[in-house]
Amino acid sequence: LLAYYGEAVRGSAATALEKDPAWEEIVAAYLQGDAAASQAVERLNEALAVGITSIINFLNPDTVVLGGTAMRYESQFLDRLREKVLGAAILQYRAGFKLVYARAPQTGDILASGAAQGAYEQCIHRILFPEAFGAVIASS
């Protein structure tokens, strides 16, 4: 968001913000109709939508979970982002798909996230080093 905001300002978009604003300031300005902030948020939404749509069209997941700074602004962005993603995803993959933001971990979630990380790492290792798991590698 910060990079897109900088591009908007350099491109002469009008803004009432001071130099080098924080995420929170850009979001607040966006909600008030600031031109540079609105342009930055739109570019961020577009970039996220392209990436998420690519994941959907390639992997066909049931759910994509977003995290990071943007999750603090779920109410401002999620519906618009979901609309862009579903509008561009392959028709058959849209049914039942969910786009959600991660929530703050609860006590039991820490164990679950550790287990998920372990499973993820094992899958990656199986892909990168299949011979270590007894897979036969065909060569020609």
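Round to the nearest 10 and report in Å² the accessible area of GLU42, as given by a 1.4 Å probe over the protein chains' heavy atoms.
Result for GLU42: roughly 60 Å² accessible.
If you take every residue apart from ARG80 with its C-beta less than 15 Å away from the C-beta of ARG80, what net charge results, scoring Lys and Arg +1 and Asp and Glu -1?
Here the count lands on -2.
The values are calculated or read from the model by the stated rules, or taken from the named source; none is laboratory data. Note that the structure is a prediction, hence the values are computed from the model and not measured. Ideal geometry is used to build each Cβ from the backbone, glycine not excepted, and the neighbour counts take in all protein chains shown. Side chains are part of the model used for accessible areas, which takes the heavy atoms of the whole protein and leaves out ligands, DNA and RNA. Shrake-Rupley method; radii C 1.70, N 1.55, O 1.52, S 1.80 Å.
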